[in-house]
Structure formats: C-alpha cells, structure tokens
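Everything on this sheet refers to the single structure shown next.
The values are calculated or read from the model by the stated rules, or taken from the named source; none is laboratory data. These numbers come from a predicted model, not from an experiment. Because the Cβ atoms are built from the backbone with ideal geometry, glycine has one as well, and the counts that use them run over all protein chains shown. Calculation scope for accessible area: heavy atoms of the full protein, side chains included, ligands and nucleic acids excluded. Shrake-Rupley method; radii C 1.70, N 1.55, O 1.52, S 1.80 Å.
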Amino acid sequence: MLEHVQKTDSKVAQIIQSEIKRQQTVFEMIPSENMVSPSVLEAMGSVLNNKYSEGYPHKRYYGGNEVIDQMEDLAIERAKKLFGAEHVNVQPYSGSPANLEVYFALLQLGDKIMGMSLSEGGHLTHGHAVNFSGKAYQFVQYGVQKDTELLDYDAIEKQAKTEKPKMIVSGATAYPRRIDFKRFAEIAQSVGAISMADISHIAGLVVGGVHPSPFPFTDVVTTTTHKTLRGPRGAMIMCKEQFAKPIDKAVFPGMQGGPHEHIIAGKAVAFAEALKPEFKDYARQIVKNAKALGESLSAEGIRLVTGGTDNHLLLADLRPLNVTGKQAETALDQAHITVNANTIPFDPRKPFDPSGIRLGTPVLTTRGMKESEMQEVGQLMARAIRGWDKPSELEAVKRGVLYLCKQFPLYEDL
Ligand SMILES: *Cc1c(COP(=O)(O)O)cnc(C)c1O
C-alpha cells in the first residue's frame, strides 16, 4: 500500500509502517477507536481528495462536480437506509464540529442547553466550560445518580422543567449502560425543547440492533463515523425534515468550507459494510465481549462502574487494587494494552490522574476475538495492573498479548 511514499518519502513511510506494526501488536482497547477495512482506507486515499465541491450535490459553487455528486448522493442514500433518517448531512469534518453545527443551526448564541457533564460521562462539546460549546451557549449539566451511577431520568425531567432549556442533548463518551433516547425525547418535548442525540460511541451498536435507536422520535442525531460504526474519521448529522434547511446552512457556509469528499467516499464504503448482515453479528459480538471482559475483570477484584455494561465499553474503578488510573494506563501501555485513564463518577481524584480506566471491545472484536479470549484479556489486564511497578510482570503480560495478537492478525497485507 505504501509503494509510492516508500520511494518518495522514506521517513513518512517508515512512521506509517511503525504505526501499522504498533496496531498489529497491541490490544487497542480505547472504546472510541476501531480498525477500518482496507476498502475504507483505499477510498479515503483516493483522488476524491483533490476536488473542491463547496455546496451540496447538484448545487455546487465549483465546476466539475458531476462525479463527486454521485459519491455524496450515494453516501447520503446509504446513511438514510442504515438509520432510517429523514435527512442526512455527511459533510461534517468530525464529531465536534458536527455538534457545534447543530447548536449554530437551531439556537441563538447564549441560549440554554442541557447536556451531560464530562466528569460523569458526557463529551466536551456537550457544554464543558473550556469548550466553545460551554462558552457560546448557556449549558446546564446533568449527571448520574450517586448510588447507582446511572442516568436518573426523573431528575433530568425535573431539571428540564425548572431550567426550560431550548435543547436537550443526550449521548455520552463514558457511560457503560443503555441510554433511553425515547425518554429524553419525551422530556424535551414536554418542555418545548429540541431533542438532540449524539450517538458517536454507539452508532454501530444502534445499526446492529444491540442498542435502542434514537429514531424516529429524536429531532436531531449526530454521530462520528469512526467509532463503533467502523468508518473513516468524520461525522454526520441526521434530522427530521423540518430541521434540514438550517442544519445544511450551518454546516456550509455556516461553519465549514469544502467537504472532504475522499472521506465521504470512505463513509459510503463503511455504510455499505454496516448494511450487511455480518455487521449485526459484529455489533452483537462487541457487546458479548464487553460483558465477558467485565466478568473477567470483576472476578479479579476490579470494581466496574454501574456493576457492568450493556454496550461496548467498561469503566473500571481501580481503587480496590490501590492503583491509580494513570499508573494503570502507563503499565498497560508497557504490556501492549492501550486504554485511557478516566474519571469515575464523583471521582475523589483529579482528572489528570483519576481513579479509573475506560476500555472497550470494538477493536478486539474486529480482530475476531470472542468471549473465551475476553476472559484471558481480563486476566492479563488485571495482572499488569496489579504488577504496575514490576517490569517482569509487565513483560510476562506483554508476551501473552503478543501471542494472542498473532492468533488474531490484522492488516496482514499492508
Ligand atoms: C467522539 C465524540 C465526539 C467528538 O468526535 P471528534 O471526531 O473527536 O471531534 C462527540 N461526541 C461524542 C459523544 C463522542 O463520543
């Protein structure tokens, strides 16, 4: 695949080669990541990169877009079929701009929005103070219940009635349980707010039928395309027909310039893959694997936030093992297991070195691992975490990881 760059730029080729090797030889367990098919990679690396196509299909500001129009139409048509959406915009560059575009489209600067707080599982663009969302809009944040660590819909409803927001955003980056999008939409409707669901993490699970869909009742749905959906790094906005015009205008010319049509080609390829029956099996296996991994970690004495998982991710509270999130992240890295340190709800420690780690099964499932391997993965992880300051333990775990990686190879022909 690197035949050209190898000749013209050996430095870059070497770095890419090293990253291929890294991805092949680690357990990549960051739940927002996935490994796309070679077909998605090829589409992204195509000459569609070269074309300026500001505007929308059949209404462009540049000439020569008759082929590009076919590409974008195809991506939209497949996305609609995949999610049952009335209107789709596939141009958002990534998840963060997609969310800002929705706010920009449907609200006035300074309007009140409700979103989940970052420290309890939400995303930066759901109103965090350091993010543009939190500066440009008046966000009020909801979280999880202290004892159950679950979303408390009655409390959210009460808060919505008091705050009277113009929009309620649901969706999370670190919430291991099902989200009741229907309830969120009902709460929004009861206070006259627009409902928005950000399904970035779980889009693949929604498509696979293993997480309830926010359609058809949610007004606007955003998602990244590179997480469980297993497509290129990018995003899309889906909405009811009544919001289509302002949303399209907010994406272009409101916030973006030329769409990345090579990425849109990658999206189209990923959507076709997700439309296949095999993708449903994949999504089901992601969840089965997460549950099996959770059982394995629990058996090792690690506490799982909410006691387990319904989706692709787990939040592990490492306090029972007396290890911090950062210590675990660093140790696991040495053992070739990639996770991220993460706050747990009501974390007594600081965000930079919190009490937990966040981990997920999308990539290991893409590699073909199943429940029996997950049990082994959990045991290896626990051994590395317990032995976080013992190089010989980390070395032993690393050997186990490399052995499993060999049995479940990735990108063999790259
Ligand atoms: C990942 C994510 C985003 C942001 O996506 P980027 O592509 O990283 O900008 C937004 N919202 C949620 C819920 C996410 O999980």
For the stretch 278-301, state whether one or more residues are under 21 Å from Gly121 (Cβ atoms), in contact with a strand residue (DSSP E or B) (Cβ under 8 Å, 6 or more places away or on another chain), of a type in the set (Lys, Arg) and part of a helix (DSSP H, G or I).
-> no
Can you tell me which residue in the stretch 112-121 is farthest from the ligand (Cβ to nearest atom), limited to those that are of a type outside the set (A, V, I, L, M, F, W, C) and open to solvent by less than 20 Å² (accessible area, probe 1.4 Å)?
-> Ser117
Does Gly368 meet the test of being open to solvent by less than 10 Å² (accessible area, probe 1.4 Å), under 26 Å from Val36 (Cβ atoms) and not acidic (Asp, Glu)?
-> no
The condition from (1) hydroxyl-bearing (Ser, Thr, Tyr); (2) more than 17 Å from Gly95 (Cα to Cα); (3) within 16 Å of the ligand (Cβ to nearest atom) that Tyr282 misses is numbered (3)
Could you say whether any residue in the stretch 187-196 is part of a helix (DSSP H, G or I) and either of a type in the set (Val, Ile, Thr) or crowded, with 24+ Cβ neighbours inside 10 Å (or both)?
-> yes
Do you know which residues across the stretch 127-147 are small (Gly, Ala, Ser) and open to solvent by 30 Å² or more (accessible area, probe 1.4 Å)?
-> Ala129
For the stretch 41-54, how many residues meet the condition of being in contact with a strand residue (DSSP E or B) (Cβ under 9 Å, 6 or more places away or on another chain) and open to solvent by less than 70 Å² (accessible area, probe 1.4 Å)?
-> 2
For Thr225: the one exception among (1) within 16 Å of the ligand (Cβ to nearest atom); (2) farther than 26 Å from Thr343 by Cα; (3) in contact with a Lys or Arg (Cβ under 7 Å, 6 or more places away or on another chain) = (2)
Looking for whichever is away from the ligand (no atom under 15 Å from the Cβ), open to solvent by 30 Å² or more (accessible area, probe 1.4 Å), of a type in the set (A, V, I, L, M, F, W, C) and assigned by TED's automatic domain parsing to the domain that holds Gln256 here; the options are Leu124, Leu109. Which one fits?
-> Leu109
Hits in the stretch 142-159 - residues which are in contact (Cβ under 8 Å) with a residue 24 or more places away in the chain and more than 19 Å from Ala185 (Cβ to Cβ) | Gly143, Val144, Lys146, Thr148, Glu149
Conditions (1) open to solvent by 30 Å² or more (accessible area, probe 1.4 Å); (2) closer than 19 Å to Lys51 by Cβ; (3) within 15 Å of the ligand (Cβ to nearest atom); number of the one not met by Val269 | (3)
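Tell me, yes or no, whether the stretch 358-365 has at least one residue that is surrounded by 14 or more Cβ atoms within 10 Å (Cβ to Cβ) and more than 24 Å from Tyr175 (Cβ to Cβ). So that I can check it myself, show each step before the final result.
Taking the stretch 358-365 and keeping what is surrounded by 14 or more Cβ atoms within 10 Å (Cβ to Cβ), we get 358-365.
The next check asks that each one be more than 24 Å from Tyr175 (Cβ to Cβ); those that pass are none.
No, because not a single residue in the stretch 358-365 is surrounded by 14 or more Cβ atoms within 10 Å (Cβ to Cβ) and more than 24 Å from Tyr175 (Cβ to Cβ).
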Hits in the stretch 87-103 - residues which are open to solvent by 10 Å² or more (accessible area, probe 1.4 Å), more than 9 Å from the ligand (Cβ to nearest atom) and under 12 Å from Phe132 (Cα atoms) = Leu100
When you scan the stretch 207-237, how many residues do you find that are over 16 Å from the mean Cα position of the chain (by Cα) and not in a loop (DSSP other than H, G, I, E, B)?
-> 1
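Yes/no per residue for (1) over 23 Å from Gly307 (Cβ atoms); (2) open to solvent by 20 Å² or more (accessible area, probe 1.4 Å); (3) part of a helix (DSSP H, G or I):
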site	(1), (2), (3)
Glu329	no, yes, yes
Pro348	no, yes, no
Arg399	yes, yes, yes
Lys406	yes, yes, yes
Leu414	yes, yes, no
